Amino acid sequence: MSANEVIIEAMEITKAFPGGVVALDRFSLAIQRGEVVVIIGPSGSGKTTFLRCLNGLEEIDSGSIMMNGIPLDHHRKNRLLIRQEVGMVFQSFNLFPHMTVRENINLAQIRVRKKSRADAAEATMNLLVKVGITEKADRYPHELSGGQQQRVAIARALAMNPKVMLFDEATSALDPEMIGEVLEVMRSLAAEGMTMVVVTHEMGFAREAGDRIVFMENGRIVEVGETERFFANPSEERTRAFLGQIL
C-alpha cells in the first residue's frame, strides 16, 4: 500500500431516495492507492449506495467525490474517465448471454479502450489464466456455474485496466461451495496491490485481505479501523454488538 497517496476521496456526501430514505448522511472516507477497504454493516446501511456513487451510477445530492484526482461532477468527460478508471463487480453477473466468455471480455476493450482485436484477445486469455477458467473461453454464460460466471465478470472488469475495483457482495448470489473460488481471485488481486473497496459479509476475507474495515449504519460510519484492531478490540458498543451477531 502506498503511503499517503489518496486515490478516492468522498467528502460529506449525502444521498436520499424518494420517500425520504437517507442512504448516505454526510459520509466522508479517504482511501489510499493499493489499500483494500472492506465495508460491513446491516442491510440498508448505505454500503451499496456508496459504491454506486463512487462510479456515478447514483447521483449524490451534496458533497464531493474525487477519483484518482478527477472530480466526479456533471462534466461528461470526467464521468467517462472515471468509468474507465473504476471496475465494478455486482451481486448479479451481468454478462451478455448471447456472447461467449471470450466475447464478453473482449467487447469493452475493443469499443472503449480501442484495442485491436488481436491485443484484446491476448489480454482476455491472460485474464482467464488469472481467474482460472481458460478452458471456458468459448462457452456461453448459461453453460457456467455461478462461481465461474462471477470470475468472468471480474476478468471483464479487469480488462479495462482499472485503477480501482469495487465489489458489491460479489459472493452473495453464489452457492456456498462456489464462494471460495471467487474469494481466492479477490485475494490474489489484493496481494497484487489493487485498490479495492469491498462490501461483503465474508468476515474471513475481511480479516485476511482487508487493510481497514469500515462499519456503517444509517448512512454513516460508526467505526473505521485497521483490520486487526477492529476485530480484536472495537471501540464502539454498536460495533461490538454487530460483530457479536455475525462472528
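The values are calculated or read from the model by the stated rules, or taken from the named source; none is laboratory data. Source: prediction; values computed, not measured. With ideal geometry, Cβ positions are generated from the backbone for all residues, glycine too; neighbour counts draw on all protein chains shown. Keep in mind that these areas ignore ligands, DNA and RNA; they rest on the heavy atoms of the full protein, side chains included. Shrake-Rupley method; radii C 1.70, N 1.55, O 1.52, S 1.80 Å.
The table for this structure:
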read-out	value
Globularity ratio of region 1-51, using Cα Rg and 2.2 N^0.38 Å	1.31
Rel. contact order, % - alpha carbon contacts under 8 angstrom, at least six apart, the chain	26
Residue among GLU169, GLU177, GLU85 with the largest mean-square fluctuation in a Gaussian network model of the chain, springs linking Cα atoms under 10 Å	GLU177
Average accessible surface area per residue within region 169-230, 1.4 Å rolling probe, Å²	43
Accessible area (Å², per residue) of region 1-96, counting only protein heavy atoms and a probe of 1.4 Å	47
Distance between modelled label sites at VAL129 and ASP73, nm, 7 Å Cα→Cβ extension	4.3
Entries in LYS77/LYS130; LYS15/LYS114; LYS15/LYS163; LYS47/LYS114 that, when Cα-Cα distance is taken, lie over 28 Å	LYS77/LYS130; LYS15/LYS114; LYS47/LYS114
Kyte-Doolittle mean at least 0.5 and Cα axial length at least 20 Å: DSSP H helices in the chain	176-191
For VAL222, residues with placed amide H under 5 Å, excluding near neighbours	PHE215, MET216, GLU217
Long-range HN-HN contacts of ALA23 with modeled amide H, under 5 Å	LYS15, ALA16, PHE17
Volume in Å³ per residue [convex hull over Cα atoms, computed for the chain]	136
Debye, to nearest 20: dipole size of the chain, +1 on Lys, Arg Cβ, -1 on Asp, Glu Cβ	880
Region 12-129 - Rg over Rh from alpha carbon coordinates, Kirkwood radius	1.02
Within the accessible area of the chain (1.4 Å probe), percent carbon and sulfur	49
Convex hull volume of region 154-247 per residue (C-alpha atoms, cubic angstrom)	116
